Amino acid sequence: MRHLAVDAMDASGFVVLADYVPGIIQEIRYHSTYNFIGDRIDGYEEPVALLTIEAARALKEVSAELNVQGYRLKVFDAYRPARAVRHFVLWGIDDLDLRMKPFFYPTLEKQQLFARGYIASRSSHSRGSTVDLTLLDMKTGREVDMGSPFDLFGEASHPDCREIGDEQYANRMLLQKAMLRGGFTPNDCEWWHFTLLDEPYPETLFDFPVSVGSLKR
């Protein structure tokens with residue numbers, strides 16, 4: 001069900017993802033300094049994944065399906081405040097800050113990250129129904145090999161890239177097909193990125209901080 005645009009600071013339609021998806025693993029990268037910028041990102045006050053109620057319910061069904069197959073979901077990012085996206089854009093203007101280039105965009109120039117769609121000046125994450133995630137093997141306790149790590153910007157991270165191994169490609173398709181069945185759509189550039197097809201706030205870019213407290217204000 002889609003809703004009309006609301007106040008960008010109104011978190012009433014959001015929930016803590018871990019409250020809806022039992023056993024979900026969270027590694028909120030933008031709350032840490034291990035990300036493509038190298039600093040904690042504006043608006044990430046706590047390392048917690050928030051999503052709209054509708055997206056969380058859909059992801060619960062995906063998680064249940066994958067649990068039966070021996071996998072758990074691991075989330076890197078979910079709702080992202082508009083102020084965090086502004087942080088990305090301002091970083092993009094600073095030509096001298098290349099600290100994390102070897103780890104996240106070794107084959108691209110900084111300006112290409114925006115031109116090629118790896119980083120957006122208006123992110124679907126700010127609408128609250130987009131999630132970045134991977135699979136964790138319940139037997140080994142390790143992330144499944146997807147052929148490239150989260151937030152590696154380049155051709156190798158495109159979901160349909162066949163330059164990776166057959167097993168890694170099959171792992172990507174396992175995740176993608178489960179997310180498609182759950183009502184999410186994939187991203188052409190990032191195997192980890194999915195948006196709820198029938199997202200409730202398609203026109204609203206929210207800006208409240210990422211924290212449990214934001215849901216209680």
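The values are calculated or read from the model by the stated rules, or taken from the named source; none is laboratory data. Predicted model, so just to flag it, every value in this text is computed and none were measured. As a convention, Cβ positions derive from the backbone with ideal geometry for all residues, glycine included, and neighbour counts pool all protein chains shown.
Things to note:
- Residue count for segment 31-57, restricted to those that are of a type in the set (Ser, Thr, Tyr) and in contact with a Pro (Cβ under 7 Å, 6 or more places away or on another chain): 1
- The residue pairs whose first member lies in segment 136-152 and is under 14 Å from Gln168 (Cβ atoms) and without any contact (Cβ under 8 Å) to a residue 60 or more places away in the chain, whose second member is of a type outside the set (A, V, I, L, M) and in a loop (DSSP other than H, G, I, E, B), and whose beta carbons are closer than 7 Å, counting only pairs six or more residues apart or on different chains, are Met146/Trp191; Gly147/Gly165.
- Residue within segment 72-83 that is touching a Ser or Thr at 6+ places or on another chain (Cβ under 9 Å), more than 22 Å from Pro159 (Cα to Cα), modelled with pLDDT of 95 or more and among the aliphatic types (A, V, I, L, M) present: yes
- Residues in segment 128-155 that are closer than 17 Å to Gln26 by Cα and outside any loop (DSSP other than H, G, I, E, B): Thr130, Val131, Asp132, Leu133, Thr134, Leu135, Leu136, Asp137, Arg142, Glu143.
- Out of Ile25, Ile41, Ile37, Ile53, one residue alone is touching a His at 6+ places or on another chain (Cβ under 6 Å) and not basic (Lys, Arg). It is Ile41.
- Filtered residues of segment 160-217 (kept if closer than 22 Å to Asp137 by Cα, of a type outside the set (Asp, Glu) and in contact with a strand residue (DSSP E or B) (Cβ under 8 Å, 6 or more places away or on another chain)): Asn171, Leu174, Leu175, Gln176, Met179, Leu180, Phe184, Pro186, Trp192, His193, Phe194
- Some residue of segment 168-187 being assigned to a loop (DSSP other than H, G, I, E, B), of a type outside the set (Asp, Glu), surrounded by fewer than 17 Cβ atoms within 10 Å (Cβ to Cβ) and on the phi < 0 side of the Ramachandran plot: no
- Filter result for Ala64 (in contact with a Phe, Trp or Tyr (Cβ under 7 Å, 6 or more places away or on another chain) and within 28 Å of Gly182 (Cβ to Cβ)): no
- Residues of segment 63-87 that turn out to be closer than 16 Å to Ile28 by Cα and not basic (Lys, Arg), as a count: 9
- Restricting segment 162-201 to residues that are among the charged types (D, E, K, R) and closer than 22 Å to Arg72 by Cβ, the residue that is nearest to the chain's Cα centre (by Cα): Glu190
- Only one of Thr195, Thr185 that is of a type in the set (Ser, Thr, Tyr) and touching a Pro at 6+ places or on another chain (Cβ under 9 Å): Thr195
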